[in-house]
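Visitor: Following this message is one structure expressed as structure tokens.
None of the figures in this text is laboratory data; all of them are computed from the coordinates on show. For clarity, every value in this text was computed on a predicted model and none was experimentally measured. Cβ placement follows ideal geometry from the backbone for every residue including glycine, while neighbour counts extend to all protein chains displayed.
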Amino acid sequence: MRRRIHNVGQVFNLPALKGQVENLPHGSSRAGFTLLEMFVAAVVFGTALVTFLPMMQSVGFQQRLTDQRLLALREAENLLEQLTPRKWSELTAEELGKLSLSENVKSRLPQAILKVDVNEPAEPAASKRVAVQLSWTPRSGQAPQSVRLAAWFFETKEQP
């Protein structure tokens, strides 16, 4: 038969605990939490939860905006790269107005609008400035977002 030890102070030979444990009424021990301690813990947890949830919603919204912006930048960059092999005579506003967005961008950017501008500055060197602007509205009631990339193309002499 096992001997049951009721006094922790006796086991570890701690005189300070001997008196505290021995002074408790028979059958009572301080093994759990009081109702007040549970209430305080619930209030602290509730307060942390109330401040944490809106912060997480804000972080999620900012992450979605960042993802949309990155997607728009990649699409604008891809469109400019598609223009690189084109002939000089094809870099006109009419021809570039035929460019369209990829299906991925159309599905992931709400109300996406593509605008391509071509400017030919009056400089000695024959050049064209092509600007690709992609705009979208993240959610209804939110401010429209946009990205704009520009590239300069210079006329080159074709090799025979």
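Visitor: Gain in length, Ser146 to Glu103, computed as 0.36 nm per residue apart minus the alpha-carbon separation, to one decimal in nm?
Guide: 13.7 nm
Visitor: Taking 0.36 nm per residue of separation and subtracting the Cα-Cα distance, what length does fully extending Lys157 through Phe39 add?
Guide: Full-extension gain reported as 34.3 nm.
Visitor: Please list, or write none, the lysines whose alpha carbon is within less than 27 Å of the alpha carbon of Lys157, excluding same-chain residues fewer than 8 places away.
Guide: Lys87, Lys98, Lys128
Visitor: Points 7 angstrom from Cα along the Cβ direction at Ile113 and Leu91: gap in nanometres?
Guide: Roughly 2.6 nm, to one decimal.
Visitor: Taking the Cβ of Val118 as the centre, find all other residues whose Cβ is under 13 Å away and add up their charges (Lys, Arg: +1; Asp, Glu: -1).
Guide: Charge balance near Val118 sits at 0.
Visitor: What FRET efficiency comes out for Arg74 versus Val50 if R0 is 41 angstrom and r is the Cβ-Cβ distance? Round to the nearest 0.05.
Guide: The formula returns an efficiency of 0.60 here.
Visitor: I've got another one for you. Quick check: net charge around Glu95, other residues with Cβ under 12 Å of its Cβ, Lys/Arg +1 and Asp/Glu -1?
Guide: Working: positive: Arg86, Lys87, Lys98, Lys128; negative: Glu90, Glu94.
Overall, the nearby charge balance is +2.
Visitor: Averaged over all directions, how much area does the convex hull of the C-alpha atoms of region 35-154 cover when projected, in nm²?
Guide: If I average the Cα hull's projected area over directions, I get 11.0 nm².
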